[in-house]
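Q: Would you mind keeping the following structure in view while I ask a few things?
Rule-based calculations on the coordinates, nothing more; no lab input. What you are looking at is a predicted structure, and each value in this text was computed from that prediction instead of being measured. Because the Cβ atoms are built from the backbone with ideal geometry, glycine has one as well, and the counts that use them run over all protein chains shown.
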Amino acid sequence: MQKMKIGLIQMGLKANTDLEPAAIRDAMNEAHLPLIQQAADAGVQVLCFQEVFNQPYFCPSQDPKWYAAAERVPEGPTCQWMQKLAGQHRMVMIVPIYEETVTGVYYNTAAVFDADGSYLGKYHKTHIPQIAGFWEKFYFKPGKSEWPVFDTAYGKIGVYICYDRHFPEGWRALALNGAEVIFNPSATVAGLSQYLWELEQPASAAANGCFIAAINRVGTEAPWNIGEFYGSSYIVNPRGQIEAQASDKDDELLIHEIDLAMVREVRNNWQFFRDRRPDAYARLTDGE
């Protein structure tokens, strides 16, 4: 049986939002170091952080100040630091950050580094909300990443970021491209959609016969105070069963070992991929 030991870090903001983005980045990176070391000491093989992990969730505002939070991938300081840690700890790192690709073009990005420190590629968040409290189109261009699956030292992984999770098509595309585990780093507050947190990912894991690891930050963030980020990061198996879950309030490193053999076992038993009918679904992608 092929095992994968996964680590998920959920964390509250550790810096005042009055500071410049570079100072917030440095404070948040430093705050993560003890948990990264703890993950390494526990033998974690794949470690993932929350959405835009080293900045506040600044999208309740429409303030150009936060453009300065964006970095280049993989040349920027956070990626260079994470790349070094990945090789040092023999740990795959999924690093969700704010990215600038060229001047004035920004994406909500997850960079992926293999256990030898090599850069495997990135995923750009595909679906971008634009409603009160979540003015993300002010900051992020919609991605067209073509559903990359990263063949890491420990298994094949995909990434789907926060709001993406409401759209079943991406889960299916990643699974069809070979993902055994899909990571969903998020910034989600209590409210209308909270009940979906433990509904959508388990349903998508079952529908696609894969593991899903969902990560959410914790706490409140002034000055916006749009609600409380409720953590509750978890890992759900291909049968839709949550195998491990973090608290709803605390900084936490959730560690859990999964059995990748379950992916093939469940797909062989349920045969959803065999019985799907893409020839009958043209209406889903015709026009708008």
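Q: Looking only at region 179-187, decide whether some residue is under 24 Å from Glu265 (Cα atoms), in contact (Cβ under 8 Å) with a residue 24 or more places away in the chain and not in a strand (DSSP E or B). Explain how you work it out, then say what you get.
A: As a first pass, look at region 179-187 and keep what is under 24 Å from Glu265 (Cα atoms): 179-184.
From what is left, the residues that are in contact (Cβ under 8 Å) with a residue 24 or more places away in the chain are 179-184.
Next, only the ones that are not in a strand (DSSP E or B) stay: 179-180.
Scanning region 179-187, I find at least one residue that is under 24 Å from Glu265 (Cα atoms), in contact (Cβ under 8 Å) with a residue 24 or more places away in the chain and not in a strand (DSSP E or B), so the answer is yes.
Q: Give me the residue from region 149-167 that is touching a helix residue (DSSP H, G or I) at 6+ places or on another chain (Cβ under 6 Å) and either in a helix (DSSP H, G or I) or among the hydrophobic types (A, V, I, L, M, F, W, C) (or both) and, out of that set, nearest to Lys3 (Cα to Cα).
A: First pass over region 149-167, keeping only residues touching a helix residue (DSSP H, G or I) at 6+ places or on another chain (Cβ under 6 Å): 158, 160, 164-165.
From the residues that got through so far, the ones that are either in a helix (DSSP H, G or I) or among the hydrophobic types (A, V, I, L, M, F, W, C) (or both) too are 164-165.
Numbers: Asp164: 27, Arg165: 25 Å.
Applying the filter and picking the extreme gives Arg165.
Q: Which members of region 245-268 meet the condition of being crowded, with 17+ Cβ neighbours inside 10 Å and either free of Cβ contacts under 8 Å to residues at least 24 places away in the same chain or aliphatic (A, V, I, L, M) (or both)?
A: Gln245, Ala246, Leu253, Leu254, Ile255, Ile258, Leu260, Met262, Val263, Val266
Q: Mind telling me which of the residues Gln45, Gln80 ends up being touching a residue at least 12 places away in the same chain (Cβ under 8 Å) and either farther than 29 Å from Ile226 by Cα or not hydroxyl-bearing (Ser, Thr, Tyr) (or both)? Don't jump to the end; show me each part of the working.
A: On the way: Gln80 fails: touching a residue at least 12 places away in the same chain (Cβ under 8 Å).
Among Gln45, Gln80, only Gln45 is touching a residue at least 12 places away in the same chain (Cβ under 8 Å) and either farther than 29 Å from Ile226 by Cα or not hydroxyl-bearing (Ser, Thr, Tyr) (or both).
Q: Find all pairs meeting these conditions: Cβ atoms under 7 angstrom apart; at least six residues apart or on different chains; first residue within region 87-98 and free of Cβ contacts under 8 Å to residues at least 12 places away in the same chain and assigned to a strand (DSSP E or B); second residue crowded, with 24+ Cβ neighbours inside 10 Å and not polar (S, T, N, Q).
A: The qualifying pairs do not exist here.
Q: Among the residues of region 231-255, count how many are on the phi > 0 side of the Ramachandran plot and of a type in the set (Lys, Arg). Quick ask: steps written out before the conclusion?
A: Step one: filter region 231-255 for residues on the phi > 0 side of the Ramachandran plot, giving 231-232, 240.
When the remaining residues are screened for being of a type in the set (Lys, Arg), the result is none.
Selection size over region 231-255: 0.
Q: State whether one or more residues within region 72-91 are in contact with a helix residue (DSSP H, G or I) (Cβ under 7 Å, 6 or more places away or on another chain), under 19 Å from Lys141 (Cβ atoms), buried (at least 20 other Cβ atoms within 10 Å of the Cβ) and hydroxyl-bearing (Ser, Thr, Tyr).
A: Taking region 72-91 first, the residues in contact with a helix residue (DSSP H, G or I) (Cβ under 7 Å, 6 or more places away or on another chain) are 73-74, 78, 81, 85, 89, 91.
The next check asks that each one be under 19 Å from Lys141 (Cβ atoms); those that pass are 73-74.
Imposing the further condition that a residue be buried (at least 20 other Cβ atoms within 10 Å of the Cβ) reduces the set to 73-74.
Filter again for hydroxyl-bearing (Ser, Thr, Tyr), leaving none.
No, the conditions are met nowhere in region 72-91.
Q: To continue, here is another question. Does Val52 meet the test of being farther than 23 Å from Val189 by Cα, under 20 Å from the mean Cα position of the chain (by Cα), touching a residue at least 60 places away in the same chain (Cβ under 8 Å) and buried (at least 21 other Cβ atoms within 10 Å of the Cβ)? Show your work before the answer.
A: Details: farther than 23 Å from Val189 by Cα: no; under 20 Å from the mean Cα position of the chain (by Cα): yes; touching a residue at least 60 places away in the same chain (Cβ under 8 Å): yes; buried (at least 21 other Cβ atoms within 10 Å of the Cβ): yes.
For Val52, the condition - farther than 23 Å from Val189 by Cα, under 20 Å from the mean Cα position of the chain (by Cα), touching a residue at least 60 places away in the same chain (Cβ under 8 Å) and buried (at least 21 other Cβ atoms within 10 Å of the Cβ) - is not met.
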